[in-house]
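Following: one structure in structure tokens, then a few remarks.
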Amino acid sequence: MTNVRPLRPRRSCMAVPGSSEKMIKKAQGLPADQIFLDLEDSVAPLAKPAARATIIEALNHGDWTGKTRVVRVNDADTRWAHEDVLEVVRGAGANVDCLMLPKVEKVAHIHWLDVLLTQVEREQGLPEGRIGIEAQIEGPAGLSEIEAIATATPRTETLIFGPGDFMAAMKMPVLTIGAPGASGFDPFDTVLMTIAMTARKHGLQAIDGPFALIRDVEGYRASAERAAAYGYDGKWVLHPGQLDTANEVFAPTQSDYDKAELIIEAYAHYTSETGGGLGAVMLGDEMIDEASRKLALVTAERGRVLGMHRTTRFEPEA
């Protein structure tokens with residue numbers, strides 16, 4: 001089984017109901033890094049079988065150029081999950097990058113999906129292990145097992161925070177998904193940090209969930225900036241009006257990207273024999289050292305994944 005997962009841009013992860021041909025078609029032309037076609041909460045129980053067929057048709061014949069293609073199946077304890085995986089992978093396995101598993105409450109849920117995916121890949125003659133898994137943490141049980149969930153299979157690419165179900169499970173007195181509303185206090189601080197720390201520890205991406213007030217652009221920006229401050233790689237998008245904000249917030253500015261590459265290049269020079277073998281030097285008005293290089297590498301790697309190009313170069317002093 002493949003152990004090294006591709007690093008995919010996921011600044012904006014757009015949710016699209018799998019039952020809506022119109023919305024699926026529109027999504028193909030939007031500047032989202034990732035589209036996930038949903039079979040879970042946004043699709044009514046009676047509509048789920050037909051939605052599978054709609055998704056398969058769209059994956060096989062739609063234009064998803066430049067986008068990560070994901071299907072969110074129903075959670076492992078439901079009566080739909082097994083058929084979701086079988087039908088989607090049998091019907092469009094070659095055109096699916098990842099399956100998103102919601103409500104991951106225990107490591108057994110990931111083991112189930114991993115084994116089933118392997119069986120269907122073998123059956124269909126697909127490369128074993130190619131289809132990744134995105135694990136959605138939506139309750140205290142899943143959070144308490146997050147270490148085991150993150151390491152259960154090399155298929156896992158992302159850990160996703162699902163605020164709606166998490167808020168319900170914690171009995172929080174709120175009615176809007178992603179907006180706790182407690183002035184001066186954020187009850188998600190510990191949850192966001194735990195997910196981010198676990199993701200970074202195991203080389204996974206961390207994705208923040210939805211902000212349901214789709215017309216509140218500033219509220220969405222604040223929510224995205226909060227996740228970005230914790231080091232998250234991206235955030236869900238429920239409406240095209242949120243796309244530009246997600247793509248902006250989770251990408252370095254050109255000046256930051258240039259500075260990051262400059263620090264890396266300058267540090268490599270000064271620590272070399274040619275540059276004097278120095279461990280700490282001044283770059284303009286700022287001292288840089290090994291810690292500076294590590295910080296710069298975070299921003300540089302984000303820019304590289306997005307295909308950004310430098311506009312400056314380091315020139316050693318004569």
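Relative to the longest principal axis of the Cα atoms of the chain, the long axis of helix 81-92 lies at roughly 70 degrees.
The protection proxy used here, the mean number of other Cβ atoms lying within 10 Å of each residue, ranks peptides 294-304, 28-38 as follows, highest first: 28-38, 294-304.
With a cut-off of 8 Å between alpha carbons and a minimum separation of six or more residues, what is the relative contact order of the chain in percent?
Rounded, it is 14 percent for the chain.
Rg and Dmax over the alpha-carbon atoms of segment 197-318 stand at 17.6, 56 Å. Ordered by 1.4 Å accessible area with all protein chains kept, Ser144, Ser223 run largest first as Ser144, Ser223. When Lys67, Lys259 are compared by accessible area at a 1.4 angstrom probe, the order from most to least is Lys259, Lys67. Summed over qualifying helices (DSSP H, 4 residues or more, each -39500 (n - 2.57)) and divided by its residue number, the chain shows a 222 nm mean residue ellipticity of -13000 deg cm²/dmol.
Computed over the chain, the convex hull of the alpha-carbon atoms projects to a mean area of 18.5 nm². Measuring nothing but how far apart in sequence close Cα pairs (under 8 Å, 6+ apart) lie, relative to its length, segment 1-144 scores a relative contact order of 21 percent.
Largest first, the residues Arg293, Arg79, Arg200, Arg8 sort by 1.4 Å accessible area into Arg79, Arg200, Arg293, Arg8.
Around the Cα centre of segment 36-115, unit charges on the Cβ atoms of Lys, Arg, Asp and Glu (plus for the first two, minus for the last two) sum to a dipole of about 60 debye. Packing, taken as the mean count of other beta carbons within 10 Å per residue, orders the peptides 147-155, 42-50 from highest to lowest as 147-155, 42-50. Bridge orientation summary for segment 80-223: considering DSSP beta bridges with both residues in this region, about 0 percent are antiparallel. Between the alpha-carbon centers of segment 1-58 and segment 114-135, tell me the distance in whole angstrom. Using only Cα atoms, the two centres lie 18 Å from each other.
Taking the Cα centre of the chain as origin and assigning +1 to Lys and Arg Cβ atoms and -1 to Asp and Glu Cβ atoms, the resulting dipole is close to 680 debye. Can you pick out the pairs among Lys171/Lys201; Lys106/Lys294; Lys67/Lys294; Lys67/Lys171; Lys103/Lys201 whose Cα atoms lie more than 24 Å from each other? Pairs exceeding 24 Å: Lys171/Lys201; Lys106/Lys294; Lys67/Lys294; Lys67/Lys171.
Carbon and sulfur together cover what percent of the accessible area of segment 109-167 at a 1.4 Å probe radius?
Accessible surface attributable to carbon and sulfur in segment 109-167 totals 54 percent.
Among bridges DSSP assigns within the chain, what percent are antiparallel (round to 5)? So the antiparallel bridges in the chain amount to around 10 percent. Under a Gaussian network description of the chain, with springs only between Cα atoms under 10 Å, the residue in Gly139, Gly279, Gly203 that fluctuates furthest is Gly279. Pick out, from Leu101, Leu116, Leu37, the residue whose Cα sits farthest towards the positive end of the charge dipole of segment 1-160, with +1 on the Cβ of Lys and Arg and -1 on the Cβ of Asp and Glu. Towards the positive end, the residue furthest out is Leu37.
For the chain, the solvent-accessible area works out to 46 Å² per residue, with a probe of 1.4 Å and every protein chain left in place. A probe of 1.4 angstrom, applied to the heavy atoms of all protein chains, finds Met282 with accessible area near 110 square angstrom. Seen against the Cα atoms of the chain and their longest principal axis, helix 107-124 is set at about 80 degrees.
Seen against the Cα atoms of the chain and their longest principal axis, helix 290-305 is set at about 50 degrees. Placing +1 on each Lys and Arg Cβ and -1 on each Asp and Glu Cβ, with no other charges, gives segment 110-165 a dipole about its Cα centre of roughly 140 debye.
The values are calculated or read from the model by the stated rules, or taken from the named source; none is laboratory data. Worth saying up front: this structure is predicted, and the values here are computed from it rather than measured. Cβ sites come from the backbone with ideal geometry, for glycine too, and all protein chains shown count toward neighbours. Heads up: the accessible areas ignore ligands, DNA and RNA and are worked out on the full protein's heavy atoms, side chains in. Shrake-Rupley method; radii C 1.70, N 1.55, O 1.52, S 1.80 Å.
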